[in-house]
Structures are given as C-alpha cells and as structure tokens.
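As structure tokens, the structure follows; a few thoughts come after it.
The values are calculated or read from the model by the stated rules, or taken from the named source; none is laboratory data. Computed from a predicted structure; not experimentally measured. Neighbour counts run over all protein chains shown; Cβ positions are idealised from the backbone, glycine included.
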Amino acid sequence: MKPASLSQIKKELQLIPADRLTGLILRLCKYKTENKELLSYLLFDSDELANYISDLKVDIDVMLEETLQKPLYQIKKGIRKIQRMIARFSRYTGFKETEVELLMYFSRKLKDSGILEWNSRQIMVIYEKQLDKITGMLLTVHEDLRTDYAKDLLSLSAKKPFQR
C-alpha cells in the first residue's frame with residue numbers, strides 16, 4: 001500500500017476538527033520516539049533556539065563525560081552515539097547552522113578532553129571525518145558565519161600526525 005502524498009495529507013488535515021486532529025497527533029507520537037521529540041521541539045523549544053542549543057550542549061557534555069569513563073573500545077561507540085544525537089536533534093530546527101555549531105562544540109570538547117592524544121587510529125578517523133563533514137556544511141551557511149566557523153575549524157584541525 002502506497003502512502004498518500006504530502007499535499008493530499010495537508011488537504012485532509014485542514015478538513016479534520018481540532019479534537020480529532022489532537023488525537024491523531026498523539027497517536028502518531030506513541031509509535032516513534034523521533035515524532036515525539038520533533039513535536040516537543042516544535043511546541044516547547046522552537047521559539048527559543050539559543051536555549052535549545054545550550055540544552056543540547058549540556059547533554060553533549062554529560063554524554064561525553066560518561067563516555068570517557070569507559071574502556072577505549074566503548075569510547076568509539078559513545079562518540080558515534082553523540083554524533084547521531086547531534087544530527088537527530090539539530091535536524092528538528094531546520095537550520096544547518098545549528099548542526100555546524102553543535103558539531104564544532106563537540107569537536108572542541110573532544111580535542112580538549114585529550115582523547116585524541118591516545119594514539120587511537122579509530123578515534124582519530126572519526127574526528128577527522130567529523131571535521132570533513134563540518135567543512136562540507138560550511139558551504140551552506142551564511143558568509144559571515146562561514147568565516148567565523150572557518151577560523152574555529154582551523155584551530156580544531158591543527159593536529160599532530162598519528163604515530164604508532
């Protein structure tokens with residue numbers, strides 16, 4: 001069975017009474033956590049983007065602190081989990097600047113934590129790919145922000161070569 005198109009859904013939603021629409025939205029939220037997270041963002045956080053970003057930064061700090069307490073093989077998994085969380089929550093805002101800012105913040109935290117100096121090739125590759133992703137995303141942000149982020153990115157990419 002093929003789902004209806006977005007325009008068909010939009011037309012049908014305009015015809016539904018408010019109380020039934022509320023029920024449909026609540027039912028939709030029950031089945032998928034991402035739907036619930038998106039609706040929470042739209043209802044509570046979309047008006048205050050700066051607070052939303054600062055809350056996400058606090059979550060990143062907590063998750064990174066918990067991750068760094070684990071053995072090295074679990075640190076890699078924890079870093080990827082944080083990256084997925086950043087991608088998911090920043091997608092809700094609809095602004096690429098949010099994801100760039102959060103990834104830059106996370107990169108700075110990784111570099112400051114000293115984990116990059118552990119000579120772990122896997123973690124260094126994850127870090128470098130994250131910097132490459134940020135570089136690619138910089139092309140989509142406003143020019144003024146691009147120059148600011150580019151300066152920060154330059155300080156993050158200043159690294160010593162991997163040694164065995």
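Quick look at the numbers
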item: Residue in segment 73-80 that is within 20 Å of residue 136 (Cβ to Cβ) and in the same structural domain as residue 140 (by TED's automatic domain parsing) present; result: yes
item: So residue 36, is it surrounded by fewer than 11 Cβ atoms within 10 Å (Cβ to Cβ) and either in contact with a strand residue (DSSP E or B) (Cβ under 9 Å, 6 or more places away or on another chain) or outside the structural domain of residue 137 (by TED's automatic domain parsing) (or both); result: no
item: Helices (runs of 4 or more DSSP H) within segment 51-147 that include 2 or more residues at pLDDT 90 or above and of a type in the set (Phe, Trp, Tyr); result: 72-93, 96-113
item: Residues located in segment 26-45, provided they are out of contact with any helix residue (DSSP H, G or I) (no Cβ under 7 Å at 6 or more places or on another chain) and free of Cβ contacts under 8 Å to residues at least 40 places away in the same chain; result: 26, 27, 30, 31, 32, 33, 40, 43, 44
